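Report on the following structure.
The values are calculated or read from the model by the stated rules, or taken from the named source; none is laboratory data. Quick caveat, the model's predicted, so the values are computed rather than measured. Note: ideal-geometry Cβ built from the backbone for every residue, glycine included; neighbour counts use all protein chains shown. In case anyone asks, the SASA skips ligands and DNA or RNA and just uses the protein heavy atoms, side chains included. Shrake-Rupley method; radii C 1.70, N 1.55, O 1.52, S 1.80 Å.
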Amino acid sequence: MNKDCRVKCLALTLLMISQCALGLPEHDSVPGGIALVPLTTDKNVMFNGRRVMVNESAEGYIAIVGIPLSRSPGSLHLDTAEGRVRFKVNEKQYEEQRLTIKNNRKVNPYAQDMERITRERKEMDAVFNHFSQVDRADTDFDLPTQGIVSSPFGLRRILNDQPRSPHSGMDIAAREGTPIISPAPGKIVATGDYFFNGNTVLVDHGQGLITMYCHMSSISVKVGQRVDKGQYLGDVGMTGRVTGAHLHWSVSLNNARVNPALFLNQETTP
Ligand SMILES: [Zn+2]
């Protein structure tokens, strides 16, 4: 390792240590990732017309920006009270995944299913678009259920030989009935039995950070209820569009579905 390399390595290690100490998510500036952007202000910080999470650190403010999977790599910017702040999004190639779903209606819904699907999508979009003010959102997540990651975030999906949206969450395979917990404090903002997602719970953690739990066999929380870190939400199941019992876990930041692995703390990373 030459001297330049060593200095860079040390700087990177120090950055990682300080991120850990602050409980910040991991910086991974790619489509479907998160950019940690240093700022000199926390006023009117917007990305793409949406409010952005900002945390205070010893060195100043840090914006925690969710980058949509559909974003092309390149130079992006935040708008702030003190002007534009640029940040770079790097390229990332996600792998392809082919799945066979036995119930073809869940891949090619009937005409009469479309009304329900549209209504449910609107309901979920409204939740993902919401920005609730809290002093500091806890971004140091516990793993929400005990199991094996069976399908990571971002896979380009081919269902029954037809291209579909990329995988917008992390799948954790576990036996039906395995408890699901909230990875951080929050408020239950929606529950329902959705066409694709089955029994679902959405938790608002504040500052545009929302998590979603799908395919549950049972739901044990109610809309409006506050939950603590580690609080029981319900059980793993196989409702909705599934090939087996698992938890589909989505994390949304400024209405961008991002890689949940970036939020997991060291202790509970699978
Ligand atoms: Zn999934």
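Within region 201-209, identify whether any single residue is open to solvent by 30 Å² or more (accessible area, probe 1.4 Å), modelled with pLDDT of 95 or more and not assigned by TED's automatic domain parsing to the domain that holds Val65, and answer yes or no. Step through it out loud before you land on a result.
Filtering region 201-209 down to residues open to solvent by 30 Å² or more (accessible area, probe 1.4 Å) leaves none.
Looking for residues that are open to solvent by 30 Å² or more (accessible area, probe 1.4 Å), modelled with pLDDT of 95 or more and not assigned by TED's automatic domain parsing to the domain that holds Val65, one finds none in region 201-209, hence no.
Could you tell me whether Arg164 is modelled with pLDDT of 95 or more, over 18 Å from the mean Cα position of the chain (by Cα) and either among the basic types (Lys, Arg) or within 16 Å of the ligand (Cβ to nearest atom) (or both)? Let's see the steps before the verdict.
Working: modelled with pLDDT of 95 or more: no; over 18 Å from the mean Cα position of the chain (by Cα): yes; either among the basic types (Lys, Arg) or within 16 Å of the ligand (Cβ to nearest atom) (or both): yes.
Answer is no for this residue.
Name the single residue that is nearest to the ligand (Cβ to nearest atom) among those in region 244-258 being at pLDDT 95 or above and of a type in the set (Gly, Ala, Ser). Full working, then the answer.
First pass over region 244-258, keeping only residues at pLDDT 95 or above: 245-258.
From the residues that got through so far, the ones that are of a type in the set (Gly, Ala, Ser) too are 245, 250, 252, 256.
Values: Ala245: 12, Ser250: 8, Ser252: 14, Ala256: 17 Å.
Among those that are at pLDDT 95 or above and of a type in the set (Gly, Ala, Ser), it is Ser250.
Given the criterion away from the ligand (no atom under 16 Å from the Cβ) and within 18 Å of the chain's Cα centre (by Cα), identify the matching residue among Asp142, Asp193. Steps first, please.
Working: Asp193 fails: within 18 Å of the chain's Cα centre (by Cα).
Every option except Asp142 fails the conditions.
Gly66 passes all but one of (1) surrounded by 12 or more Cβ atoms within 10 Å (Cβ to Cβ); (2) under 30 Å from Ser165 (Cα atoms); (3) modelled with pLDDT under 95; (4) not basic (Lys, Arg); which number fails?
Of everything listed in (1) surrounded by 12 or more Cβ atoms within 10 Å (Cβ to Cβ); (2) under 30 Å from Ser165 (Cα atoms); (3) modelled with pLDDT under 95; (4) not basic (Lys, Arg), Gly66 misses just condition (3).
Sort through Ala174, Ala126 and tell me the only one that's more than 12 Å from the ligand (Cβ to nearest atom), of a type in the set (A, V, I, L, M, F, W, C) and out of contact with any strand residue (DSSP E or B) (no Cβ under 8 Å at 6 or more places or on another chain).
Numbers: Ala174 fails: out of contact with any strand residue (DSSP E or B) (no Cβ under 8 Å at 6 or more places or on another chain).
From the options Ala174, Ala126, the qualifying one is Ala126.
I'm told His167 meets every condition in (1) open to solvent by 40 Å² or more (accessible area, probe 1.4 Å); (2) under 28 Å from Met53 (Cβ atoms) except one. Can you identify the failing condition by its number?
Checking His167 against (1) open to solvent by 40 Å² or more (accessible area, probe 1.4 Å); (2) under 28 Å from Met53 (Cβ atoms), the one that fails is (1).
Taking the condition of being surrounded by 15 or more Cβ atoms within 10 Å (Cβ to Cβ) and not basic (Lys, Arg), how many residues in region 72-116 meet it?
Step one: list which residues in region 72-116 are surrounded by 15 or more Cβ atoms within 10 Å (Cβ to Cβ), which gives 76, 78-80, 85, 87, 89, 92, 94, 97, 99, 101, 106-107, 109.
After this cut, where a residue has to be not basic (Lys, Arg) as well, the list is 76, 78-80, 85, 87, 89, 94, 97, 99, 101, 107, 109.
Qualifying residue count, region 72-116: 13.
Condition test on Gly154, is it within 14 Å of the ligand (Cβ to nearest atom) and of a type outside the set (Asp, Glu)?
Details: within 14 Å of the ligand (Cβ to nearest atom): yes; of a type outside the set (Asp, Glu): yes.
Yes: the conditions hold for Gly154.
Quick check on this structure: which one of Gln207, Gln231, Gln266, Gln225 is at positive phi, out of contact with any Leu (no Cβ under 6 Å at 6 or more places or on another chain) and of a type outside the set (A, V, I, L, M)?
On the way: Gln231 fails: at positive phi; Gln266 fails: at positive phi; Gln225 fails: at positive phi.
None of the others qualify; the one that does is Gln207.
Can you name the condition, by its number, that Leu143 falls short on among (1) more than 21 Å from Ala35 (Cβ to Cβ); (2) modelled with pLDDT under 95?
Only one criterion is unmet by Leu143, namely (2).
Going through region 231-258 one residue at a time, which ones are under 17 Å from the mean Cα position of the chain (by Cα) and open to solvent by 30 Å² or more (accessible area, probe 1.4 Å)?
Asn255, Arg257
Is there a residue being on the phi > 0 side of the Ramachandran plot, out of contact with any Gly (no Cβ under 8 Å at 6 or more places or on another chain) and open to solvent by 40 Å² or more (accessible area, probe 1.4 Å) anywhere in region 184-195?
No, the conditions are met nowhere in region 184-195.
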